[in-house]
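Worksheet: one structure, shown below.
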Amino acid sequence: MAYKHILMETQGGIATLTFNRPKALNALNSELLDEVCDALERVGEDEEIRVLILTGAGDKAFVAGADISELATFTPLQGKRFACRGHEVMNRLQALSIPVIAAVNGFALGGGSEMALACDFIYASEKAKFGLPEENLGLIPGFGGTQRLSRQVGKSMAKELIFTARMISAEEALNLGLVNRICRQDELMDEVRKVALSIADKGRVAIRAAKQVVNRGMDVDLATACQLEIDAFALCMASEDSREGTLAFMEKRKASFKGKLNG
Ligand code: CO8
């Protein structure tokens, strides 16, 4: 599939997906969502890719939400289909076995905040602004924001942000635990690539296991979650990577992980 609204680039095991409609502040239309879906499928199939970064083209926006000019034309049924497609994209992002980092370089509103929330963590530039402004349009968040924001910042804060449609700064997002780190605008991508490379260096089996256990564990009771951890730990113990990691420690050298479960 040729892409019109996104850019994909892979370098040294790090893939970068850039939302590329800067004139519309990278707003998400149906075509763009289809392209993201296709790109995520390809990323999932490519064993060489160890980390995925999402960011927005231009210096103003990550994604300013769903494309309102398209939303305005939808019948309720078309709106439902669009919401389902959005959920499919967010679920694919969350289910990807490799880590996904959102590099939020400007406005991340509505579907843009929801996209960032579906990533494993967020680094933001000092110019970033987050918000779920759907109530201003007589709508509610439709790409998982009501659920993922509540889980991230607690339900009371999520309700306040959704009810008021208020935009928050990178600083406030950091204080709420929505953002892991704030970077200077011109240093954001370098900082995100640095953390991505430090993750890419680790064993693929153990990174995948950690992501799955944290994600699945959030949705079940503590005892079940801890059992998931025990099982995943045992799986890691069976991997060639864990033999290499422990041996390298004892031989006082850097581990060279092959990303293999065994042999
Ligand atoms: N959709 C379409 N076009 C947009 C959007 C958008 N979300 N955001 C900005 N644009 C366009 C503007 O129309 C403008 O285009 P033009 O130059 O042709 O007039 C261009 O981008 C630049 O924008 P502004 O001139 O408005 O730039 P400002 O710096 O003045 O303002 C803001 C920036 C504050 C980001 C402002 O553009 C804004 O408020 N945008 C809308 C934000 C918003 O409400 N987002 C939520 C959308 S709804 C949503 O995401 C729901 C997701 C779930 C859907 C479920 C489906 C059923």
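Going by the structure shown, is Val220 assigned by TED's automatic domain parsing to the domain that holds Gln94 and farther than 30 Å from Leu139 by Cβ? No, not satisfied. Candidates are the residues of region 191-223 that are surrounded by fewer than 17 Cβ atoms within 10 Å (Cβ to Cβ) and not in a helix (DSSP H, G or I); the one that is farthest from the chain's Cα centre (by Cα) is Asp221. Name the single residue, out of those in region 63-101 being of a type in the set (Lys, Arg) and surrounded by 15 or more Cβ atoms within 10 Å (Cβ to Cβ), that is nearest to the chain's Cα centre (by Cα). Result: Arg92.
Only residues that are in contact with a Pro (Cβ under 8 Å, 6 or more places away or on another chain) and either within 16 Å of Cys119 (Cα to Cα) or among the polar types (S, T, N, Q) (or both): list them for region 137-186, please. The one that is in contact with a Pro (Cβ under 8 Å, 6 or more places away or on another chain) and either within 16 Å of Cys119 (Cα to Cα) or among the polar types (S, T, N, Q) (or both): Leu149. Asp59: open to solvent by 40 Å² or more (accessible area, probe 1.4 Å) and more than 30 Å from Lys258 (Cβ to Cβ), yes or no? Taking the combined requirement at face value, the residue satisfies it.
Quick check on my filter: what residues within region 128-165 are among the aromatic types (Phe, Trp, Tyr) and within 17 Å of the chain's Cα centre (by Cα)?
Once the filter is applied, which keeps residues that are among the aromatic types (Phe, Trp, Tyr) and within 17 Å of the chain's Cα centre (by Cα), region 128-165 yields Phe130, Phe143.
Can you tell me how many residues in region 102-130 are over 22 Å from Asn29 (Cα atoms) and open to solvent by less than 10 Å² (accessible area, probe 1.4 Å)? Residues flagged as over 22 Å from Asn29 (Cα atoms) and open to solvent by less than 10 Å² (accessible area, probe 1.4 Å) within region 102-130 amount to 3. Confirm whether Glu48 is of a type outside the set (A, V, I, L, M, F, W, C) and in a helix (DSSP H, G or I). No: the conditions fail for Glu48.
The conditions of being under 22 Å from the mean Cα position of the chain (by Cα), of a type outside the set (Ser, Thr, Tyr) and open to solvent by less than 30 Å² (accessible area, probe 1.4 Å) are met by Ile168.
The values are calculated or read from the model by the stated rules, or taken from the named source; none is laboratory data. The structure displayed is predicted, hence computed values, not measured ones. Heads up, the Cβs are rebuilt from the backbone with ideal geometry, glycines too, and the neighbour counts pull from every protein chain shown. Calculation scope for accessible area: heavy atoms of the full protein, side chains included, ligands and nucleic acids excluded. Shrake-Rupley method; radii C 1.70, N 1.55, O 1.52, S 1.80 Å.
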